[in-house]
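Let me begin by presenting the structure, written as structure tokens, before commenting on it.
Quick note: the coordinates plus some simple rules give every number you see, no bench work behind them. Computed from a predicted structure; not experimentally measured. Note that we place each Cβ from the backbone using ideal geometry, even for glycine, and neighbour counts take in every protein chain shown.
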Amino acid sequence: MLPAVSSDFGSCAMKIENRKAEPPEASRGRIARTYLYMERAYKRYSMSKSQRQLMNAWECARAKKITALQKSDNNVVKSRCDAVGIW
């Protein structure tokens, strides 16, 4: 995360410094789902342990927000979050 960096993209909250990026909070869950899907679907693609932990945290945070709004769980995502101790 890049707390000391400001966005250079106008009204977009994307932050980039050197080779690190911090997407806007509203985009993180969708980004996480994409990265986690790619890792599961394509054997040549893999994330580091720390990247995977971050993507799991983002996806689980998104799923919790959706659960609160819809008043129902996505059991597939919830079981993955339970498995990594995030739910």
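Out of everything in the stretch 37-67 that is outside any helix (DSSP H, G or I) and among the polar types (S, T, N, Q), what residue ends up being surrounded by the most Cβ atoms within 10 Å (Cβ to Cβ)? Lay out the reasoning, then the answer.
Taking the stretch 37-67 as the starting set, the residues that turn out to be outside any helix (DSSP H, G or I) are 42-48.
Those left that are additionally among the polar types (S, T, N, Q): 46, 48.
Numbers: 46: 10, 48: 8.
This residue is 46.
Yes or no: residue 33 out of contact with any strand residue (DSSP E or B) (no Cβ under 6 Å at 6 or more places or on another chain), charged (D, E, K, R), closer than 22 Å to residue 76 by Cα and surrounded by 14 or more Cβ atoms within 10 Å (Cβ to Cβ)? Step through it out loud before you land on a result.
Details: out of contact with any strand residue (DSSP E or B) (no Cβ under 6 Å at 6 or more places or on another chain): yes; charged (D, E, K, R): yes; closer than 22 Å to residue 76 by Cα: yes; surrounded by 14 or more Cβ atoms within 10 Å (Cβ to Cβ): yes.
Here the answer is yes, as residue 33 does meet what is asked.
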